[in-house]
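This report refers to the structure that appears directly beneath it.
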Amino acid sequence: MEQTFYIGGYTDQDGEGIIRVRADFDRGIMEQEAGWSGIGNPSYLLLHPNGKILYAVNEYSPDGGLSAFRLEGGQLMKVAELPTEGADPCHLSLDDTGHFLFVANYTSGSLVVFRLDKDGIPTEMSDHLQHAGHGLNPQRQEGPHVHFSLFHEGELYVTDLGTDEIYRYWLNEETGRLSESGPRLRLPAGNGPRHLAFSPKDGKILYVLCEMASELYVMRRNGGDYILVQRISTLPDGLREAERESSTAAAIRISADGNYLFTSNRGEDSIAIYRVKEGGEVTFLGTERTGRIPRDFLPAGRLAGTPWEESFLLVADQEDRQVEVLRWNEKAETLEPTGMMVKTGMRPSCIQPVI
């Protein structure tokens, strides 16, 4: 059982910003195959469905950027570099056709749309939406902070950590422009929605991970709106208040069969594990400790829908400068250390599987 991944992160001077690693799960070995320097802060990566174009944000302020690379003979060849007209781009997503790329500018609170050519290369910015407003927390929510977007059933869902809202947009495929498609979903003040996921069993169940509150919200679609059906912590019981306040939620993933959900905690430094019940609500099963600041993680094996007998999670421990592998024990419903890891020169923040 082998799989290859691209890792992106925050760079030091001229160090490698993107590396390619190969994980041999049978032998318990993970090693770096290649690396590329001269790419500034590629903190989020995304591979086009054609498997030939890799996108990377260049997370800088006040002027962020987007880079696109063609995969040729195991190498990355830069084919486009465009400004995102915003500060600190932090996330990338695509529409269902693979013709448009969405970029979230975190600090400036804007969302931009790039039109892609037939090969998946960005050619022009077709829209730039500037969010407005602020939240309860004057340090973290002094203005809008667009963090994430996800195209689902014809709508683009966009989280704004700064305003505690989830925006919904229609995409005009002729003009490449966005328009609001329904009422914004408003989260409790000061919670800071970060990432989203939809149930693969029922596309009407929306899971919202709130960074600042370290909470998971389960929401069910009801006509054109959503209703909250569950609110649950990502942190274990028994933590002191100071420990809870110093931890923030980061990433959310759902198993391919929709039976399990995982989130990561930075500060408490763990992966939280949930069993998904009938109807979409979840049961908190516990946490497994990780390295420092698990910024991103990714299922592999059966969790990801492959025919493998085993399941794993790859975890990008940002401040330990490593990617580690945990084994999923479905019978015990626990994650277990494997000892597999690869050290990185950058502070890793994104894991992208090779198609």
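Computed from the coordinates by the stated procedures, all read-outs in this text should not be read as laboratory data. Values in this document were obtained by computation on a predicted structure and should not be read as measured data. Every residue, glycine among them, receives a Cβ derived from its backbone with ideal geometry; neighbour counts consider all protein chains shown.
Counting pairs of alpha carbon atoms under 8 Å apart in space and at least six apart in sequence, what relative contact order in percent does segment 193-328 give? Reported relative contact order: 16 percent.
Each 5 Å bin from zero holds the following percent of Cα-Cα pairs in segment 1-94: 3, 14, 23, 24, 18, 10, 5, 2, 1, 0. Computed over the chain, the P(r) curve from all C-alpha pair distances, binned at 10 Å from the origin, holds 5, 25, 36, 27, 6, 0 percent per bin.
When you filter the trypsin sites (Lys or Arg not before Pro) in segment 171-249 for DSSP loop state and at most 15 other Cβ atoms inside 10 Å of their Cβ, you are left with ARG184, LYS201, LYS204, ARG240. Sorting the segments 266-279, 65-78, 96-109 by their mean number of nearby beta carbons within 10 angstrom, highest to lowest, gives 96-109, 266-279, 65-78.
With contacts taken as Cα pairs under 8 Å and at least 6 residues apart, segment 231-292 reaches a relative contact order of 26 percent. Dipole magnitude for the chain: about 420 debye, using +1 per Lys or Arg Cβ and -1 per Asp or Glu Cβ, origin at the Cα centre. For segment 138-261, taking Cα atoms only, Rg and Dmax work out to 15.1, 54 Å respectively. From helices alone, the chain scores -500 deg cm²/dmol at 222 nm; the rule is -39500 (n - 2.57) for each run of n ≥ 4 DSSP H residues, then divide by the residue total. Could you give the Stokes-Einstein D for segment 45-190 in µm² per second, using the C-alpha Kirkwood radius, 25 °C, 0.890 mPa s? Diffusion coefficient, whole number: 159 µm²/s. Kirkwood-type hydrodynamic radius, segment 92-176: 13.2 Å, calculated from all non-identical alpha-carbon pairs. Taking the dipole about the Cα centre of the chain, with the C-beta of Lys and Arg at +1 and of Asp and Glu at -1, give me whichever of PRO348, THR107, GLY301 is farthest to the positive side. The residue sitting farthest along the positive end of the dipole is GLY301. Hey, in the GNM for the chain with a 10 angstrom Cα cutoff, which one of VAL325, VAL315, VAL218 fluctuates hardest? Its mean-square fluctuation being the largest, the pick is VAL218. Think of each Lys and Arg Cβ as +1 and each Asp and Glu Cβ as -1; about the Cα centre, that makes the dipole of segment 187-274 roughly 360 debye. Taking ASN329, ASN41, ASN222 as the candidate residues, the one with maximal mean-square fluctuation in a Gaussian network model of the chain, Cα springs under 10 Å, is ASN222.
Total lysine pairs in segment 199-355 at Cα distances under 30 Å, for residues eight or more apart or on different chains: 5. Dividing the mean sequence gap of close Cα pairs (under 8 Å, 6+ apart) by how many residues the chain holds gives a relative contact order of 12 percent. The calculated P(r) of segment 1-52, using every Cα pair and 5 Å bins from 0, goes 5, 20, 22, 22, 18, 10, 3, 0 in percent.
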